[in-house]
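Q: Please see the structure below; I have some questions.
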Amino acid sequence: MEEKSIGRFSSKIGVVLAAAGGAIGLGNIWKFPYVAGESGGGAFLIVYLICVLLFGVPLVMTEFIIGRKARKSAYGAFNAISGNKRWQWLGWWCIVSAYLIMGFYFVVTGWCCNYLYEAITNAFAGLDADGLSQHFVTITSSTPRVIICCVVPIILTSAVLWFGVQKGIERLSKILLPLLFVMMILMVIRVLMIDGSGKGLRFFFQTDFSLITPKVVMVALGQCFFSLSVGIGALITYGAYMPGEQNITSSSLQVAILDTLVAVLAGVIIFPAVFAFGFDPQEGPQLVFVVLPAIFQQMSFAWLSGVLFFILLLIAALTSTISLMEVAVASLCDASGNKLNRHQSVLLATGIVLVMVVLCVLSMTEKWEWLTIAGRNLFDCFDDLVTTIMMPIGALCMSLFVGWFMPSRNIDLVPYSQKSWKAKLRPVLIFALRWIVPVTILLILLNGLGLLDALIGLFKH
Ligand code: PHE
């Protein structure tokens, strides 16, 4: 791809908002609360925040550096920088991860579409906690309905990509993000006024250190990568569209702060409501879909709040699916040596995604039980495989790539006109990427998989 044909974001703030829009999505609002709920609340939060600081920020920087230097998709970037094909597999790794994420992400986006429709038609008005849980099961097990609801966001995503990502995304993110913040703050205020909200806040903010197990650390690491979109080349792709004079250090920090803020706000909204309305924090993937409607029933302008929130959630999900599918589309153009143009690539990627999503949805029904792996449906398998294993390994390899194999003169964090303390970060970043980030990710992975003890045992003998 030539530099000119790849397109650019028109402003620096546009890049931050687009990357933050890609990062902020269902990972923050749907996944973070239920994963935190299953992993001990406060204990999880503290590990999560450490992961964001220690790995999240350096890895966002890493992907931006690779993308801007190579001006290529995840598929072509590693070759372009290293000058040989040895790193090609990492491009494929990113592409496969992106498809696996889309497989389950579009299913949840489909649930959001359904809930938006139901918020509009006032379908869950008057349902209590049990009723809302039952409602979720009824909805998600109605296969044709879920498939139709998934097809809508898939088509919308493809439509945006058809026209090119920069214009649509930049504009959308500039309006959406501030709106999402305002809406969430209003919900925080309302939730804090509910009697008994303190219990939920204690659950979320009080750390019981005994709950921090190797598994919790591994899940927090995976969640941090998932939420910040690192490890699958999504930010490499946006880095490729970044203006040359952009300050990568500040932009990465801004993306990480915005993303983490939304996740924490989601926790502050969900947990007080969970305890006040008698839900279980370990409810799993259905958590926000049962808790949010319960909150809306308590809010003034219940109908409007519900509709508005699900619209925002849907748009937040769409900015993420766009960045996910862009990994696949840009890579298809690259991989085919531009024999496939953008439109053909969009069609092909959409076809593959449709198949993955339908398989995911079917494997969640009893009739298609044979589509499960070790008793777990494809939705859970894709989610676990990508977030706890593929993203950390992808991130680990990218960190080694920049730390060891990219000439350090190519690592421009700050434009020359802006030499400041941030410019001095380069040696620190390189050291982190060579040693701290990869070694710690590896240890966390081995420990979480229960392999570390086995290895230590092996050395003792
Ligand atoms: N970060 C997105 C979210 O939190 C999901 C995502 C992962 C998007 C990887 C792009 C790449 O919802």
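Q: When only alpha-carbon atoms are used, what values of Rg and Dmax, in angstrom, describe region 3-460?
A: 21.4, 65
Q: Using a Förster distance of 41 angstrom, determine the FRET efficiency expected from the C-beta separation of D195 and R8, and round it to 0.05.
A: With a Förster radius of 41 Å, E is 0.20.
Q: Now, a different point. Holding the Cα-Cα limit at 23 Å, pick out from K31/K167; K72/K167; K85/K424; K12/K174 the pairs that are longer than that.
A: K31/K167; K85/K424
Q: Which of the helices in the chain, when you take each full DSSP H run, stretch at least 18 Å along the axis at their Cα atoms and have an average Kyte-Doolittle score of -0.5 or higher?
A: Within the chain the helices that satisfy the rule are 57-70, 88-120, 143-162, 165-192, 214-228, 248-276, 302-335, 342-363.
Q: No partner Cβ under 4.7 angstrom, meaning no disulfide-compatible partner by this rule: which Cys of the chain qualify?
A: So, C94, C112, C150, C333, C360, C381, C397.
Q: State whether region 252-307 is rounded, prolate or oblate according to the following rule on the C-alpha gyration tensor (a ≥ b ≥ c being the square roots of its eigenvalues): a/c under 1.5 gives rounded; otherwise a/b larger than b/c gives prolate, and the remaining case gives oblate.
A: oblate
Q: Give the calculated FRET efficiency between K167 and L455 to the nearest 0.05, with a Förster radius of 41 Å applied to their Cβ-Cβ distance.
A: 0.20
Q: Per residue and in cubic angstrom, what volume does the convex hull of the Cα atoms of region 40-169 have?
A: Dividing the Cα hull volume of region 40-169 by its residues yields 182 Å³.
Q: Counting helices only, and only those DSSP H runs with n ≥ 4, report the 222 nm mean residue ellipticity of the chain as the sum of -39,500 (n - 2.57) divided by its residues, in deg cm²/dmol to the nearest 500.
A: Dividing the helical sum by the residues of the chain leaves -22500 deg cm²/dmol.
Q: Something else now. Quick check for you: with a 1.4 Å probe and neighbouring chains kept, what is the accessible area per residue of region 317-401, in Å²?
A: Accessible surface, normalised per residue, equals 39 Å².
Q: Here is a further query. Taking a ≥ b ≥ c as the square roots of the Cα gyration tensor eigenvalues, with a/c under 1.5 meaning rounded and otherwise prolate when a/b beats b/c, else oblate, which class fits region 176-285?
A: oblate
Q: Given the peptides 364-371, 255-262, 301-308, 105-112, arrange them by the average over their residues of other C-beta atoms within 10 Å, most packed first.
A: Packing proxy ranking, top to bottom: 105-112, 255-262, 301-308, 364-371.
Q: If you bin the C-alpha pair distances of region 344-461 every 10 Å from 0, what whole percents do you get?
A: Spelled out per bin, shortest first, that is 11, 23, 24, 24, 14, 4, 0.
Q: Over region 13-52, what number does the Rg to Rh ratio reach, with both radii from the alpha-carbon atoms and Rh per Kirkwood?
A: Computed over Cα atoms, the ratio is 1.10.
Q: Quick check: from the Cα gyration tensor, does region 317-411 come out rounded (a/c under 1.5), prolate or oblate?
A: oblate
Q: Using heavy-atom solvent-accessible surface (probe 1.4 Å) with all chains present, what is the largest-first order of S336, S252?
A: Largest to smallest exposure gives the sequence S336, S252.
Q: Working out 0.36 nm times the residue gap between L186 and S300, then minus their Cα-Cα distance, what length gain in nm do you get to one decimal?
A: 39.9 nm
Q: Can you work out the accessible area per residue across region 143-288, with the rest of the protein chains kept in place, probe 1.4 Å, in square angstrom?
A: 38
Q: Going by average Cβ density within 10 Å per residue, which order do the peptides 150-159, 384-393, 188-197 take, highest to lowest?
A: Answer by packing, highest mean first, reads 384-393, 150-159, 188-197.
Q: Over region 285-437, with every protein chain in place, what whole percent of the accessible area is carbon and sulfur at 1.4 Å, could you tell me?
A: 68
The values are calculated or read from the model by the stated rules, or taken from the named source; none is laboratory data. Because the structure is predicted, anything quoted here is derived from the model rather than measured. Here Cβ is always computed from backbone atoms with ideal geometry, including for glycine, and neighbour counts include all displayed protein chains. Each accessible area value is taken on the protein alone, full model and side chains, heavy atoms only, with ligands, DNA and RNA left out. Shrake-Rupley method; radii C 1.70, N 1.55, O 1.52, S 1.80 Å.
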